[in-house]
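Since the structure comes first, as structure tokens, the remarks are kept for the end.
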Amino acid sequence: MRILVVEDEEKLRRVIELQLMGEGHEVVAAGSAEDALKKCEGVDLVLTDLKMPGMDGLTLLEKLGREMADVPVIVMTAFGNVETAVEAMKRGAADFLQKPFSLDHLSTVVAKALEVRALKSENQRLKEELETRYTFGNMVGRSAGMQEVFRLVEKVAPSRATVLLCGESGVGKDMVARAIHYHSPRRTQPLVKINCSALPENLMESELFGYEKGAFTGATIAKPGKFEQADQGTVFLDEIGDVPMPVQVKLLRVLQEREFERLGSNRTRQIDVRVVAATNVDLRAALEGGRFREDLFYRLNVMPINIPALRERVEDIPALAQHFIEKFGNGKQRLTAGALEKLLAHDWPGNVRELENVIERSLLLAGGDALGAEDVRIDMGPRGKGAATEPGFLPAGMTLDEYEQSILKEALKRAQGNKSQAARLLGITRNALRYRLSQIGIDDKEAD
């Protein structure tokens, strides 16, 4: 680490410099605050005296705070000037050293300040990575249809308007919902996803709105629902068309009044959430069939965004395929012209999700780095156990999932359970291997 030492007493400055250099740090020395300002570029930490001729340490601290807010400053002060050190802490100093101090204490305080800075930098990096991961710029789509989706996301994200995402299964509604959240003022608050089709009807109300102790048999403690967990953030209601009519009434109230009651409670709770809903069915048809409330539909349909099916934006297939190759591959694989032609000829009833699965499967089973048309396994859909397969295409009586599972297990067995070695045998990354194992339900520690 590069440390700037600011001390007008030459002997003490040299002692500190030698101590820090002995610990492997690069040290820049300055005899005054004015000199320090000329040498502060690129430093990771500043160690400064408070009382110096000319500009004092507090003024230097303020200037550094304005120009280099992420760089910690440790102040040194003579015995009896603790009040000044406390003032420095209030103005942003990371810590202080009271003279005279031992060199061991100096090393401890410096190490602590550098560790805190490293943790803050890592947290910031993870936060930026999280935001970048779900920005609409990372959703691959060069077609006019997807460019319109991106434009609408950019327009609606800063507002609190309710959004209804429409499109077939597998088009990427989840990704669009995440992009809306992470481009909104609520980006630092929770994004809570609720798959309405996965919740049993008799549990949906308690899952969404929570329950009190004793509300039903087995309710031994009170539990907040998904909406409470998302307070100040965003709720993503996936497959909204599967919500039963009684729960639709409560959802309508949340959208209109921003309030609800837990199951088994008379206490009204206020909530501040932004709702993004998604559906792969025609809600207007459900409305006409009496399966969906008209008032709820219009509350949800404030800002509709229609996400086109993959067959309607064929020009996006090459870029999407490359994106998934980079996600699941080893960094060397590429599509041949024949493979790309085969991808472009398919109508993709499963949309982007199907394309992702095809690329992952093809990478797993391909022999080399160049994926030819023969490596693109579009037709290998799951079959019932014992179903007939084309001779030589799959082992007799074996489904694709069973075949893939056997390959993964064999790789782990040959690698004696070492996942990194197994990934090299398969020509994929270790993370891609772990992902595949989790997708088909294999314990990634299993080797036989």
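Looking at region 231-240, can you tell me whether even one residue there is assigned to a strand (DSSP E or B), of a type in the set (A, V, I, L, M) and modelled with pLDDT of 95 or more?
Yes, region 231-240 has at least one match.
Which of the strands (runs of 3 or more DSSP E) contained wholly in region 266-343 include at least 3 residues that are closer than 25 Å to LYS155 by Cα and either within 27 Å of the chain's Cα centre (by Cα) or at pLDDT 95 or above (or both)?
274-279, 303-306
For a quick check of your reading: which strands (runs of 3 or more DSSP E) sit entirely within region 40-99 and have at least 2 residues that are among the aliphatic types (A, V, I, L, M), within 21 Å of HIS25 (Cβ to Cβ) and in contact with a strand residue (DSSP E or B) (Cβ under 8 Å, 6 or more places away or on another chain)?
45-49, 73-78
What about ALA285, is it among the small types (Gly, Ala, Ser), surrounded by fewer than 16 Cβ atoms within 10 Å (Cβ to Cβ) and in contact (Cβ under 8 Å) with a residue 40 or more places away in the chain?
No: the conditions fail for ALA285.
When region 344-375 is examined, which residues are found to be part of a loop (DSSP other than H, G, I, E, B) and in contact with a Gly (Cβ under 9 Å, 6 or more places away or on another chain)?
Correct list: TRP348, PRO349, GLY350, ALA366, GLY367, GLY368, ASP369, GLY372.
Which one of these is assigned to a loop (DSSP other than H, G, I, E, B) and either of a type in the set (Lys, Arg) or crowded, with 19+ Cβ neighbours inside 10 Å (or both): ARG178, ARG187?
Going through ARG178, ARG187 in turn, the sole match is ARG187.
Just to be sure I understand the filter: pairs with C-beta atoms under 6 Å, separated by 6 or more residues or on different chains, first member in region 144-168 and among the β-branched types (Val, Ile, Thr), second member part of a loop (DSSP other than H, G, I, E, B). Which pairs pass?
Taking only residues 6 or more apart or on different chains, the pairs are VAL149/ILE307; THR162/VAL302.
Could you list, in sequence order, the residues of region 247-277 that are out of contact with any strand residue (DSSP E or B) (no Cβ under 8 Å at 6 or more places or on another chain), surrounded by fewer than 15 Cβ atoms within 10 Å (Cβ to Cβ) and not polar (S, T, N, Q)?
VAL249, GLU257, ASP272
The values are calculated or read from the model by the stated rules, or taken from the named source; none is laboratory data. What you are looking at is a predicted structure, and each value in this text was computed from that prediction instead of being measured. Every residue, glycine as well, gets a Cβ built from its backbone with ideal geometry; the counts of neighbours run over all protein chains shown.
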